[in-house]
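Asks: One structure is given below, represented as structure tokens, and several questions about it will come after.
The values are calculated or read from the model by the stated rules, or taken from the named source; none is laboratory data. Predicted, not measured: the structure shown is a model, and the values here were computed from it. Cβ placement follows ideal geometry from the backbone for every residue including glycine, while neighbour counts extend to all protein chains displayed. To get the accessible areas, we keep the full protein, side chains included, count just its heavy atoms, and leave off ligands, DNA and RNA. Shrake-Rupley method; radii C 1.70, N 1.55, O 1.52, S 1.80 Å.
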Amino acid sequence: MKTKHDISILYVEDENNIRDMLSHFIKRFCTQLYTAQNGSVALELYKEHKPAIIISDIRMPVMDGLTMAKEIKKINPQQMIIFISAHSESDFLLEAINMQVDGYILKPVDLSVLEKKLRKLIQQYENEIAAKKLLESEERFRKIANNSQVGVFIYKEKYIYVNKAFCALTGYTEDELYTKHPWEILEPEVQQEFQKLAERRLKGEEFDKEYSDIKIITKNNEHKIFRVSTSTIFLDGGYAGLGMLIDITKLVMTQEKLLIFEQAIEQMDEMVRISDIDGNIIFANNSITEHTGYKADSLIGKKNSIFKSGKHKHKFYEELWNTILSGKVFSATFINKKENGELYYEDETITPIFDPKTQKIKYFVATGKDITENINMINDLQRLATTDTLTGIYNRYKINQIIDEEIARTKRYKENFALIMFDIDHFKEINDTYGHDVGDHILQELSHIISSSIRETDNFGRWGGEEFMLIAPKISREDAIKLAEKLRKIIQNHHFEEVKKITVSIGIALFEDGDDKEEKLKEVDNALYKSKQNGRNRVSLVE
């Protein structure tokens, strides 16, 4: 049975059976689950309940997941969002990247992957809540009054003397205290014990001098902790108790606060280390040990450079030291190295800590978060957004980007490049005769043949259907024709397992400085059409 967390989740899915199935799974991790069948309903639920985590499909009626997420990000830019979708088109994926979502899981959903992502986000959410409570607690601590003076009191059956400090500490006037037994202002659970000790003192019994921490309820019903020293004295023909107390409420609360902070720092997922002015590590929390493999005691006294990976240039570290030594905060993404040599990405912030007396920098506190998984996810999303899923080569979106880059290079350096478009001859007949599985295999095999036959500087991608585009930079008209003919013959002579032989028709357009992109795309398409009109299995240009 999975442990439920005191957290709410909003799940958005338009397909009823999928929504019902995943809802049962997600309920294991939260105390409140809201569900919606489209983005519009989900947006209203979000405005009303403000759930901690949103899990959503992308393509839905009325309002899709991306539109919904944009509206929610306007309300709360830090909102945690996981997308679950069967879609891998570039436009969806790139929008997801730009919105900085916290996860992207493809259907059919692997529940173990979803569970891992949920647990990580829940832990992050709970850490943020704990940190917020600590900050609120710290704010309250700052408002605690300055140390009080020592209070002095003498009692018999009731108080017979109190000084002004005692009155100030307890909130009572002298007259009010003179009507009270000394144990009356204590918390109820200790009154009986203190009464017995007081009565023993009044009989003349001596005790070893000791200090006790006692909880007192002030007139204003404040519960304060006092360190009390008492002794037995002889006064006015009888015995009495003499005591002195100081308010240690702030001290105790500070100690508790420091203990809370220490436990929080040790338990938090963020890596925390403190170093002196020379960069020697004097503290490292458990998270550093877990993430890097170094034992905490092996890091103490070592330089922060122990984490250097060699992936950053000297200028990076020069800027780091110039910034923090000037008293400013430095934040960056570091590529650091673990004890076993493995590299990891860390989103790190380094803050100078000043000596309150000299106002000079004394320490540096570095807090960091391992974002390797996020970096890998972004790289995977970018790869999916720019790669044709069937053939593994660039898709049309990426090829268009490369064309724009080559146009910019042509304008700057006055260097030509060629657009070479391929189309498989009679591909529809192949699909109709042998089936789409065979057709897909031919597309894959042809992509491999071309990719292994072109120059390193060339870029090759699937333009759509059975059409492919090759971008050949720094090439003349004659060399572009030779390259195209070479590729045409390689394909013509290749033995394809299912259909034996296929051919391609090829069109070429040479792009020069000043040419228009759309006109050249139309030109290469016309050149390809010309090859088909003239009998296929040939290379053509538009004269």
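Asks: Quick one: how many residues across region 277-313 are under 30 Å from GLN359 (Cα atoms), among the β-branched types (Val, Ile, Thr) and touching a Lys or Arg at 6+ places or on another chain (Cβ under 7 Å)?
Replies: 3
Asks: Only residues that are loosely packed, with under 14 Cβ neighbours inside 10 Å and either under 12 Å from the mean Cα position of the chain (by Cα) or over 16 Å from ASN322 (Cα atoms) (or both): list them for region 355-385, please. Give the steps one after another, and end with the answer.
Replies: Step one: list which residues in region 355-385 are loosely packed, with under 14 Cβ neighbours inside 10 Å, which gives 355-360, 376, 379-380, 383.
Hits for region 355-385 are ASP355, PRO356, LYS357, THR358, GLN359, ASN376, ASN379, ASP380, ARG383.
Asks: What pairs can you find where one residue is in region 388-414 and under 13 Å from PHE460 (Cβ atoms), the other is of a type in the set (S, T, N, Q) and open to solvent by 50 Å² or more (accessible area, probe 1.4 Å), and their Cβ atoms are less than 8 Å apart, with a gap of 6+ or different chains?
Replies: Filtered contacts from region 388-414: THR391/GLN444; GLY392/GLN444; ILE393/SER451.
Asks: So how many residues does region 206-241 have that are assigned to a loop (DSSP other than H, G, I, E, B) and modelled with pLDDT under 85? Lay out the reasoning, then the answer.
Replies: Filtering region 206-241 down to residues assigned to a loop (DSSP other than H, G, I, E, B) leaves 206-210, 218-222, 236-237.
Filter once more, keeping what is modelled with pLDDT under 85: 206-210, 236-237.
Within region 206-241, residues that are assigned to a loop (DSSP other than H, G, I, E, B) and modelled with pLDDT under 85 number 7.
Asks: Scan region 306-316 for residues that are under 22 Å from ASP276 (Cβ atoms) and over 24 Å from the mean Cα position of the chain (by Cα) and report the count.
Replies: 1
Asks: Now for a different question. Does region 356-374 contain any residue that is part of a helix (DSSP H, G or I) and out of contact with any strand residue (DSSP E or B) (no Cβ under 6 Å at 6 or more places or on another chain)? Before the answer, list the steps.
Replies: Residues of region 356-374 that are part of a helix (DSSP H, G or I), as a first pass: 372-374.
Filter again for out of contact with any strand residue (DSSP E or B) (no Cβ under 6 Å at 6 or more places or on another chain), leaving 373-374.
Looking for residues that are part of a helix (DSSP H, G or I) and out of contact with any strand residue (DSSP E or B) (no Cβ under 6 Å at 6 or more places or on another chain), one finds at least one in region 356-374, hence yes.
Asks: So, THR289, is that one out of contact with any strand residue (DSSP E or B) (no Cβ under 8 Å at 6 or more places or on another chain) and surrounded by 15 or more Cβ atoms within 10 Å (Cβ to Cβ) or not?
Replies: Details: out of contact with any strand residue (DSSP E or B) (no Cβ under 8 Å at 6 or more places or on another chain): yes; surrounded by 15 or more Cβ atoms within 10 Å (Cβ to Cβ): yes.
Spelling it out, THR289 is indeed out of contact with any strand residue (DSSP E or B) (no Cβ under 8 Å at 6 or more places or on another chain) and surrounded by 15 or more Cβ atoms within 10 Å (Cβ to Cβ).
Asks: Here is a further query. Could you check region 154-173 and list, in sequence order, the residues that are hydrophobic (A, V, I, L, M, F, W, C) and within 18 Å of THR230 (Cβ to Cβ)?
Replies: Answer for region 154-173, where residues must be hydrophobic (A, V, I, L, M, F, W, C) and within 18 Å of THR230 (Cβ to Cβ): ILE154, ILE160, VAL162, ALA165, PHE166, LEU169.
Asks: Being crowded, with 19+ Cβ neighbours inside 10 Å and over 16 Å from ILE154 (Cβ atoms) is the filter here, so list the residues in region 165-196 that pass it.
Replies: LEU186
Asks: OK, next. Going by what's in this entry, would ILE353 be described as among the aliphatic types (A, V, I, L, M), modelled with pLDDT under 90 and farther than 25 Å from MET377 by Cα? Write out each step before concluding.
Replies: Working: among the aliphatic types (A, V, I, L, M): yes; modelled with pLDDT under 90: yes; farther than 25 Å from MET377 by Cα: yes.
Spelling it out, ILE353 is indeed among the aliphatic types (A, V, I, L, M), modelled with pLDDT under 90 and farther than 25 Å from MET377 by Cα.
Asks: Just one of (1) touching a residue at least 60 places away in the same chain (Cβ under 8 Å); (2) open to solvent by 50 Å² or more (accessible area, probe 1.4 Å) trips up GLU95, so point out which.
Replies: (1)
Asks: Next up: Could you look through region 100-123, keep only residues that are under 13 Å from ILE7 (Cβ atoms) and crowded, with 17+ Cβ neighbours inside 10 Å, and pick out the one that is modelled with the lowest pLDDT?
Replies: The residue in question is ILE122.
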